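> Here it is: the structure, laid out below.
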Amino acid sequence: MQLRVLTLNIWGVHYVSKLISQRIQALIEHLIDPDTNYDIIGLQEVWSKKDFIYLRDQLKIIYPHSYYFLSGLIGSGCCMFSKYPIIGVYEHRYTLNGFPHKIQHGDWFCGKLIGLCKILVNGKIVNVYNTHLHANYHHVIPKDIYLGHRVCQAYELIQFIESTSSADTTDLTILLGDLNLTTQDLGFKLIRGILQLNDSFLHRINKDVFDPTVGNNGLTCDLLDNPYVTPHPYQGEGERIDYILFRSRNDNVKCLEAYPTLHKVPNNPAGLHYSDHLAIYALFEIDEKIPEKNSISHKNIEILDEETQNDLRAACILVQQSIQRAQRHRLFCILAVMILIFFLFSFNNYLFTILIIFKNLFSLICIAICIWFIGLGKPVERNALSSIHNAMHLRLRLSQFTY
């Protein structure tokens, strides 16, 4: 039995993304083309429910089963389409997802999550996880204020998959989506090391099969020839941040083909591209003749290999640094409140009335924002970071916990 899987970040941010309607229509035409034959499709950044409903209505003849993961103020952006029945869904919204005052980034308002669709494929249970982690806006570690959040999201992802993908009930586990992590990033190493997931692109058997319009380097984002990409100093030739990862209960699943695809829309005179990302396609072959394995006792097995333990220790240090930064920011807000209160009651005898009104209004707004961070924003962030930090320590069999 073969299973064809596709994932794509469609870049559907209305009022920001370019040519959304045209690109979605081009994607629909591709998906309903008789020459394409996908079984499961995972999309990210479908921020508009109207866009999802339009996709669902246009694809329902071929993909009758679909699901949109609602979360946050404007949704999670993640949705699934399947030829096979979706028999169960479950989702977990990430505890940490950026900062509300970073309005220009918008991640905090999105409610990013990891969503699970249990799909019944010819009598076998396939758990398909769709996710989109926090974006990397800085591309260099010293300036990346969201690095701790992405590592925590990666660890929450690990916990969620561990809790919902039992070896006794799941025949095949597939994780797809825009992880915003390169293969060298700490979060990605933890996901692969702890969950023992195979990278479809690296484990594909037919390495000579690829999309000739894209190439065979595996890069999926920040490509130099994509007109929707904003260049940055650390861009290089592009990044590989979109994945299809998998593991099977009986070691009876092979990835025959896997490669990036869906770059330029064919025969489009305007040079339309499907997205600012490339899609990832994977073709799996499931050998149904291999007998089922018995459940393995976890009593005496080693939980983590040495390399993954070292990665987890590095993650603990990084999260601890994020906790300390949150504490520093809270102290900064306390100092800012003191300065703003002094500013509020000063210079009132030396300014025009209209300037006094603006000064006082500005001071009161800033004081309110700082008090929110002092009393709610930063304590919530610190507790969330500490929770993940403690869970990592527990996995490492350490007893030092943060409260």
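> Would you say ALA154 is out of contact with any Pro (no Cβ under 7 Å at 6 or more places or on another chain), modelled with pLDDT under 90, closer than 22 Å to CYS117 by Cα and among the aliphatic types (A, V, I, L, M)? Walk me through how you get there before you give the answer.
On the way: out of contact with any Pro (no Cβ under 7 Å at 6 or more places or on another chain): yes; modelled with pLDDT under 90: no; closer than 22 Å to CYS117 by Cα: yes; among the aliphatic types (A, V, I, L, M): yes.
So ALA154 does not fit the description; no.
> Just to be sure I understand the filter: pairs with C-beta atoms under 8 Å, separated by 6 or more residues or on different chains, first member in the stretch 172-192 and assigned by TED's automatic domain parsing to the domain that holds GLY12, second member hydroxyl-bearing (Ser, Thr, Tyr) and part of a helix (DSSP H, G or I). Which pairs pass?
So the pair list comes out as GLY187/TYR155; LYS189/THR308; LEU190/TYR155; LEU190/THR308.
> Does LEU19 satisfy the condition of being in contact (Cβ under 8 Å) with a residue 60 or more places away in the chain and crowded, with 17+ Cβ neighbours inside 10 Å? First the steps, then the outcome.
Working: in contact (Cβ under 8 Å) with a residue 60 or more places away in the chain: yes; crowded, with 17+ Cβ neighbours inside 10 Å: no.
Considered against the rule, which asks whether it is in contact (Cβ under 8 Å) with a residue 60 or more places away in the chain and crowded, with 17+ Cβ neighbours inside 10 Å, LEU19 comes out as no.
> Here's something else I'd like to know. So in the stretch 360-403, with the set limited to residues that are within 14 Å of ARG313 (Cα to Cα) and of a type in the set (A, V, I, L, M), which one is modelled with the lowest pLDDT?
Taking the stretch 360-403 as the starting set, the residues that turn out to be within 14 Å of ARG313 (Cα to Cα) are 388-401.
Now narrow it down to the ones that are of a type in the set (A, V, I, L, M): 388, 391-392, 394, 396, 398.
Working: ILE388: 92, ALA391: 92, MET392: 91, LEU394: 89, LEU396: 88, LEU398: 74.
Filtering first and then ranking leaves LEU398.
> Also: Would you please list the contacts, defined by Cβ atoms under 9 Å and residues six or more apart or on different chains, that run from a residue in the stretch 194-209 that is in the same structural domain as SER163 (by TED's automatic domain parsing) to a residue that is of a type in the set (Phe, Trp, Tyr) and in a helix (DSSP H, G or I)?
ILE194/TYR155
> Right, another one. Sort through GLY193, GLY236, GLY187 and tell me the only one that's over 23 Å from LEU3 (Cα atoms) and out of contact with any helix residue (DSSP H, G or I) (no Cβ under 9 Å at 6 or more places or on another chain). Working first, answer last.
Values: GLY193 fails: out of contact with any helix residue (DSSP H, G or I) (no Cβ under 9 Å at 6 or more places or on another chain); GLY187 fails: out of contact with any helix residue (DSSP H, G or I) (no Cβ under 9 Å at 6 or more places or on another chain).
The conditions single out GLY236.
> Could you check the stretch 246-289 and list, in sequence order, the residues that are of a type in the set (Ser, Thr, Tyr) and more than 20 Å from LEU175 (Cα to Cα)?
As a first pass, look at the stretch 246-289 and keep what is of a type in the set (Ser, Thr, Tyr): 248, 259, 261, 274-275, 281.
Residues satisfying the conditions are TYR274, SER275.
> Look through the stretch 105-147, keep the residues that are in contact with a Phe, Trp or Tyr (Cβ under 9 Å, 6 or more places away or on another chain) and among the small types (Gly, Ala, Ser), and return whichever of them is modelled with the highest pLDDT.
Looking at residues that are in contact with a Phe, Trp or Tyr (Cβ under 9 Å, 6 or more places away or on another chain) and among the small types (Gly, Ala, Ser), I get GLY115.
> Report every pair of residues separated by at least 6 positions or lying on different chains whose Cβ atoms are under 9 Å apart, first residue within the stretch 144-165 and not assigned by TED's automatic domain parsing to the domain that holds ILE125 and of a type outside the set (Ser, Thr, Tyr), second in a helix (DSSP H, G or I) and surrounded by fewer than 24 Cβ atoms within 10 Å (Cβ to Cβ).
Hits for this filter: zero, empty list.
> Search the stretch 67-98 for residues being touching a residue at least 60 places away in the same chain (Cβ under 8 Å) and of a type in the set (Phe, Trp, Tyr), and hand back the single one that is nearest to ASN136 (Cα to Cα).
Taking the stretch 67-98 as the starting set, the residues that turn out to be touching a residue at least 60 places away in the same chain (Cβ under 8 Å) are 69, 77-78, 90, 92, 94-96.
This time we only want the ones that are of a type in the set (Phe, Trp, Tyr), so: 69, 90, 94.
Details: PHE69: 22, TYR90: 26, TYR94: 16 Å.
Of everything passing the filter in the stretch 67-98, TYR94 is nearest to ASN136 (Cα to Cα).
> I've got another one for you. Take ILE339 and tell me if it is free of Cβ contacts under 8 Å to residues at least 40 places away in the same chain and among the β-branched types (Val, Ile, Thr).
Details: free of Cβ contacts under 8 Å to residues at least 40 places away in the same chain: yes; among the β-branched types (Val, Ile, Thr): yes.
For ILE339, the condition - free of Cβ contacts under 8 Å to residues at least 40 places away in the same chain and among the β-branched types (Val, Ile, Thr) - is met.
The values are calculated or read from the model by the stated rules, or taken from the named source; none is laboratory data. This one's a predicted model, so the numbers in the text were calculated from it and none came from an experiment. Cβ sites come from the backbone with ideal geometry, for glycine too, and all protein chains shown count toward neighbours.
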